[in-house]
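The values are calculated or read from the model by the stated rules, or taken from the named source; none is laboratory data. Please read these numbers as outputs of a predicted model, since none were measured by experiment. Glycine also receives a Cβ, built like all others from the backbone with ideal geometry; neighbour counts cover every protein chain displayed. Only protein heavy atoms, including side chains, enter the accessible area calculation; ligands, DNA and RNA are left aside. Shrake-Rupley method; radii C 1.70, N 1.55, O 1.52, S 1.80 Å.
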Amino acid sequence: MEHPQAPLFRRDFTLVVIGQIISLFGSAILRFALPLYLLRQTGSPALFGAVGAAAFIPAVLCAPVGGAVADRVNKRDIMVVLDFSTAGLVLLFTLLLDTLPLVPLMVVCLMLLYGIAGAYQPAVQASIPLLAAPEQLTSANAVINMVGTLSGLLGPVLGGVLFGAFGLWPILWVSIACFLLSAVMELFIRIPHCPRALTGGVLATVWQDLGESWRFVRQERPVFLQVMVVLALFNLVLSAALVVGIPVAVVQVLGMSDSRLGITQGALGLGGLFGGVVTALLGRRLSLRRGHLTLLAASLTAAGMGLSLLPGLPTVLGWWGVTAMSFAVMVLSTLLVVVLSAAVQSRTPSELLGKVMAFIMAVSNCAAPLGQAVYGALFELCPAHLVLLGAAAAAALMAVYSKGVFRALDGPNIGE
C-alpha cells in the first residue's frame with residue numbers, strides 16, 4: 001500500500017503528463033489549422049459545420065471500444081501505438097494534400113484523427129487511478145486536464161502565427177514530430193497491468209465488456225445515466241454552438257486575421273489552464289452540489305459572445321468580448337469536468353473504470369455531431385449574434401433542469 005503522503009509527480013505519472021503535453025500540442029495545432037484551412041478555402045460555415053460533425057462521429061463510436069480495450073490491454077501500449085499511428089496518418093495526409101480533392105481528404109483525415117483521439121483518452125483516464133493515490137484523484141485529474149488545456153492554449157496561438165505566416169505545411173510537420181516524440185517517450189512509462197483473457201473473439205469480448213459497463217451503470221449507478229443525458233443536451237445546445245461559432249464569429253463576422261483567431265482559441269486553453277489550477281488547489285473541497293450553477297454561468301458566456309457581435313459595435317471590441325467569454329467558459333467547464341471525473345472514478349471499480357469512463361464520454365458527446373451540423377447551417381442562414389443568444393437561452397434551461405441530477409450524484413447513496 002502506498003504511503004498516503006507519497007508525491008503525486010512520481011516518475012511514471014510525470015512521464016504520462018509530459019507525453020500528454022507533447023501529443024496534445026500536436027493534436028491542438030492540427031485541430032486549429034485543418035478546419036480553418038477548410039473554412040478559408042471554401043468560405044462556407046455550413047460545410048465547416050458538416051465536416052466537423054462528420055469528424056466527431058468516430059470519436060463518439062471509438063470511445064467505448066477504447067475503454068473496453070483499455071481495461072484489457074496495457075494502457076501504455078495503447079498510447080504508444082496510437083501516437084505512432086497518428087504520426088503516420090498526418091504524414092500520409094501531407095503527401096496527398098495537393099493530389100486528392102480537399103473536402104473528401106479533409107473529412108477522412110479528421111474522422112481518423114478524432115477516432116484515434118476517442119480511443120486514446122480512455123487509456124489515459126483509466127491510468128490515473130493506477131498512478132495516483134485515492135486522495136490524489138481530484139488533483140491528478142486536474143493536472144491531466146491542465147495538460148490538455150495548456151496544449152489547447154499554445155496550439156492555437158502558435159498555429160495561428162504559423163498558419164498566417166507560412167500556411168498549413170509547417171503545422172503538419174510540427175504535429176508529426178510531436179506524435180513521434182510522444183510515442184517514444186511513452187515507451188518508458190510503467191503502468192500497473194493485470195492481463196484479462198479474451199472470452200472469445202476480439203469483437204465478442206468488446207461487446208461483452210460494453211454490456212458489463214452498461215449493466216453496472218444501469219443497476220449500480222443509475223445517476224450516471226442522468227448525468228450523461230444532461231451533458232449530452234448541453235453539448236448539443238451550447239458546446240456545438242461554440243465549436244462552430246467562435247471561428248465563424250472571429251473570421252467571418254468580425255473579419256479578423258488567423259493570428260487573432262489563434263489568440264481567441266488560445267484563450268480557451270488559458271481558461272482551461274486557469275480552471276485546472278483552481279481545481280487542483282481546492283481539490284476535494286469542491287463538490288458537484290452546485291454543478292447546475294456552473295452550467296448556468298457557462299450559458300451566460302454564450303450570451304456575452306452574442307452581445308459582442310451586435311451590429312454597430314466596433315469589431316475590435318467585439319473580438320475582445322468573444323475572447324474574454326471564451327476564457328470564461330473554459331474556466332467553468334474545466335471546474336465541472338474535473339470534479340465530475342473524480343466523482344465517477346471514485347465510484348467505479350478499477351476493472352470497469354476504462355469502460356465506464358468511455359461509456360460516459362461517448363453518450364455525453366453523441367449529440368455533438370448533430371449540433372455542429374445544425375449550427376453550421378444556422379450560422380449560414382441567420383445572424384451570428386441571434387444564433388448565440390438562442391443557444392445561451394436553451395443552455396440556461398438545461399442548467400436549471402440539471403440541479404437535481406448533480407445533487408443526486410453528490411449524495412452519499414448514489415448506488416442505491
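Results, tabulated for the structure shown:
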read-out	value
Computed over the chain, Kirkwood Rh from alpha-carbon pairs, angstrom	21.6 Å
Simple spin-label estimate for residue 408 and residue 225 in nanometres, 7 Å along Cα-Cβ	0.9 nm
Relative contact order (percent, whole number), the chain, Cα cutoff 8 Å, 6+ residue spacing	30 percent
With every protein chain in place, the chain: carbon and sulfur % of accessible area (1.4 Å)	71 percent
DSSP H segments from the chain that extend 30 Å or more along their own axis, Cα-based, with Kyte-Doolittle mean of -1.0 or above	11-42, 45-70, 75-96, 102-131, 137-166, 258-282, 315-346
Whole-number accessible area per residue in Å² for the chain, which is evaluated in the context of all protein chains at 1.4 Å	41 Å²
The chain, dipole about Cα centre (Lys/Arg Cβ +1, Asp/Glu Cβ -1), debye to the nearest 20	620 debye
Rough spin-label spacing in nm, given labels placed 7 Å along Cα→Cβ, for residue 218 and residue 313	4.7 nm
Computed FRET value (nearest 0.05) for residue 105 with residue 61, which takes r as the C-beta separation and R₀ as 25 Å	0.75
